[in-house]
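The values are calculated or read from the model by the stated rules, or taken from the named source; none is laboratory data. What you see is a predicted model; the values in this text were computed from it and never measured. Because the Cβ atoms are built from the backbone with ideal geometry, glycine has one as well, and the counts that use them run over all protein chains shown. Note: accessible area is taken over every heavy atom of the protein model, side chains too, but ligands, DNA and RNA are not part of it. Shrake-Rupley method; radii C 1.70, N 1.55, O 1.52, S 1.80 Å.
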Amino acid sequence: MDLEQTDRTEHARQLFAKRFGKRSSVSVRAPGRVNLIGDHTDYNDGFALPMAINRYISVAGAASSGGSVRVFSEAVGAEAVLTVDDPSIHPPGWERFAAGVLHLAKEAFGGLPAFDAVVISSIPKGAGLSSSAAFAVALVGMAEHFTGRSLEPIAKARLCQKAEHVYAGVPCGIMDQLAIIQGSRGHALLLDCRSPDSISVPIPADEVTLLVIDSGAERALSDGVYADRRKECEQAAEALGVGALRDSSLEMLESEKAMLDDTQYRRARHVVTENNRVQAFAAAARESDWINAGRLMRESHVSLRDDFEVTVPELDLLADEAEAVGPSGGVFGCRMTGGGLGGCVIALAKRGAEKPISVRIAKQFDRAFGRLPTVHHVRGAG
Ligand code: ADP
Ligand code: MG
C-alpha cells in the first residue's frame with residue numbers, strides 16, 4: 001500500500017466518521033482505466049489493450065441497523081438513501097446507477113444487509129477514465145464484504161456492465177470493467193473481448209511514462225455517433241459474411257471490397273487494422289520496442305480520424321503536437337483514447353520527459369483553443 005493510498009483510505013474513514021458519527025469497518029477501492037490502443041474494437045469482438053491506472057474510487061463503510069443503504073459521495077457533495085429493490089424510483093443519475101449496481105449485487109448474492117458508505121474519488125468524472133465502472137466495481141466490493149460472498153472476476157465485470165446498460169443507459173462493452181478488476185501494477189491487459197480472456201503486458205515505469213491529456217471537449221454528440229458506428233460495423237460484417245469484424249482479415253476485406261459501400265469499407269478497415277495494431281503493440285511492449293509501439297499509436301489515431309471519423313479538432317491538435325515532438329523530444333506516440341468525439345489523448349513518453357512535453361503541448365493547445373488541457377500523469381495500477 002503506497003503512501004497516497006494510505007492517505008486516501010484515511011480520508012475516507014475520517015469523512016465517514018464525521019458523516020455517520022461512527023467508525024467504518026471496511027475500505028475498498030477500484031482504479032480507473034485508460035486504453036493504450038484498440039478503440040471501437042470491443043463491440044466487434046476484437047482486441048484492446050487497456051490499463052488500470054493510479055486514480056481511484058475509494059469507499060469506507062460500516063453495517064447499519066437503519067434498514068437502508070446510505071451512500072455519501074464527496075465528489076457529488078450529496079448523500080443518497082438508496083432504494084435498492086427498485087432503482088428506477090431514482091431519477092437518472094448517480095443515485096439510480098448506485099441503486100442499480102446494488103440491486104444486481106443483491107440478486108446475485110441472494111440478499112444484501114443495510115450499510116452506510118462514503119465514496120471519495122481521484123478519477124475525474126466523465127473524462128473517459130471510466131469513473132463509472134470504478135464506482136460500480138467498488139460498490140460491488142462493499143456488497144461482497146457485507147454479504148460474505150464473492151463473484152468471479154468475469155461475473156463481476158458482467159454485473160457492472162449490465163448496471164451501465166440498464167441503469168446508466170450506456171451500451172458499453174466489457175473492456176472497462178475487466179481492465180479495472182484484473183489490472184495489476186505496472187501492467188496493461190491484452191484483452192480478447194470475445195472470450196473474454198486477458199494476458200498481462202508489462203509497461204515498465206522505469207522505461208516509459210504515460211500522459212493522459214484531457215482536451216475538455218464535451219462528448220455530448222457521442223451517443224448517436226456511437227450507435228451509428230456500431231450499426232455500420234454490423235452492416236460491414238454482414239456484407240462480408242462474418243459474424244463480427246473480428247473474423248475478417250485485411251486480405252478478405254480487400255478482396256470483398258465491392259460488397260461494401262465506401263463508409264462501411266472504411267469503418268471495417270479501421271477495426272481490422274486496429275485489431276492487428278493491438279497485437280503488434282503488445283509484442284513491441286514485451287520487447288521494450290517503444291519506437292514501434294509509438295508508431296502504432298500514431299497509426300491508430302490516423303485510422304480513428306480518417307476511417308472511423310471519431311476525432312475532433314481538439315484531439316487532432318493534441319495528437320499532432322505530440323507527433324511533432326517525436327521520439328527525439330521524448331514522445332514515442334500519441335492517440336485519442338476511448339470512444340472519441342471529445343475526451344482525452346494518451347501519450348507514450350520517455351521516462352522523465354513528461355514535464356517539458358506537457359508544457360509544450362499545453363501551450364499550443366492554449367494558442368488554438370484559448371484554454372489549457374488537463375494533464376494526468378498515470379501509471380499501471382491494480
Ligand atoms: P466516465 O466513466 O468516463 O468517467 P461516465 O459518464 O461514464 O464517465 O460516468 C460518470 C458517472 O459515474 C456519473 O454520472 C455517476 O453516475 C458515476 N460516478 C462516477 N464517479 C462517481 C462519484 N465519485 N460519486 C458518485 N457517482 C459517480
Ligand atoms: Mg463511463
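Among ALA179, ALA105, ALA134, ALA138, which is more than 23 Å from HIS11 (Cβ to Cβ), within 14 Å of ligand 2 (Cβ to nearest atom), part of a helix (DSSP H, G or I) and of a type in the set (A, V, I, L, M, F, W, C)?
ALA179
Are any of the residues in the stretch 104-113 in the same structural domain as ALA52 (by TED's automatic domain parsing), of a type in the set (D, E, K, R) and at pLDDT 95 or above?
yes
Which residues, taken from the stretch 29-50, are in a loop (DSSP other than H, G, I, E, B) and in contact with a Lys or Arg (Cβ under 7 Å, 6 or more places away or on another chain)?
Residues satisfying the conditions are ILE37, HIS40, ASP45, GLY46.
When you check GLN182 against the structure, is it farther than 20 Å from CYS344 by Cβ and outside the structural domain of ALA349 (by TED's automatic domain parsing), yes or no?
In short, yes.
Tally up the residues in the stretch 164-180 that are within 11 Å of ligand 1 (Cβ to nearest atom) and more than 22 Å from SER195 (Cβ to Cβ), please.
Of the residues in the stretch 164-180, 4 are within 11 Å of ligand 1 (Cβ to nearest atom) and more than 22 Å from SER195 (Cβ to Cβ).
Mind listing just one residue for me: the one in the stretch 276-295 that is in contact with a strand residue (DSSP E or B) (Cβ under 7 Å, 6 or more places away or on another chain) and open to solvent by less than 60 Å² (accessible area, probe 1.4 Å) and, of those, nearest to ILE199 (Cα to Cα)?
Looking at the filtered set, the residue picked out is ALA282.
Can you report the number of residues in the stretch 152-163 which are open to solvent by less than 40 Å² (accessible area, probe 1.4 Å) and more than 16 Å from ligand 1 (Cβ to nearest atom)?
1
Applying the selection to the stretch 143-161, what residues are assigned to a helix (DSSP H, G or I) and more than 21 Å from the chain's Cα centre (by Cα)?
Scanning the stretch 143-161 gives ALA143, GLU144, HIS145, PHE146, THR147.
Restricted to the stretch 339-361, and to residues that are touching a residue at least 40 places away in the same chain (Cβ under 8 Å) and open to solvent by 10 Å² or more (accessible area, probe 1.4 Å), which residue is farthest from ILE291 (Cα to Cα)?
LEU341
Among the residues that make up the stretch 203-216, is at least one of them open to solvent by 10 Å² or more (accessible area, probe 1.4 Å) and within 16 Å of ligand 1 (Cβ to nearest atom)?
Scanning the stretch 203-216 turns up at least one residue that is open to solvent by 10 Å² or more (accessible area, probe 1.4 Å) and within 16 Å of ligand 1 (Cβ to nearest atom).
Quick check: anything in the stretch 31-45 under 22 Å from LEU151 (Cβ atoms), more than 21 Å from the chain's Cα centre (by Cα) and buried (at least 22 other Cβ atoms within 10 Å of the Cβ)?
No, the stretch 31-45 contains no residue that is under 22 Å from LEU151 (Cβ atoms), more than 21 Å from the chain's Cα centre (by Cα) and buried (at least 22 other Cβ atoms within 10 Å of the Cβ).
Considering every residue within the stretch 316-331, establish whether at least one is open to solvent by 10 Å² or more (accessible area, probe 1.4 Å), of a type in the set (Asp, Glu) and on the phi > 0 side of the Ramachandran plot.
no
Would you pick out the residues in the stretch 323-338 that are in contact (Cβ under 8 Å) with a residue 60 or more places away in the chain and of a type in the set (Gly, Ala, Ser)?
The one that is in contact (Cβ under 8 Å) with a residue 60 or more places away in the chain and of a type in the set (Gly, Ala, Ser): GLY338.
Would you confirm, using the coordinates I've provided, whether GLU232 is open to solvent by 70 Å² or more (accessible area, probe 1.4 Å) and not in a strand (DSSP E or B)?
no
Hey, can you tell me all the residues within the stretch 277-298 that are without any contact (Cβ under 8 Å) to a residue 24 or more places away in the chain and in a helix (DSSP H, G or I)?
ALA280, ALA283, ALA284, ASN292
State whether one or more residues within the stretch 110-118 are within 14 Å of ligand 1 (Cβ to nearest atom) and farther than 17 Å from GLN177 by Cβ.
yes
Restricting the search to the stretch 115-131, which residues are part of a loop (DSSP other than H, G, I, E, B), open to solvent by less than 20 Å² (accessible area, probe 1.4 Å) and either more than 9 Å from ligand 2 (Cβ to nearest atom) or of a type in the set (A, V, I, L, M) (or both)?
Passing the criteria: ILE123, ALA127, LEU129.
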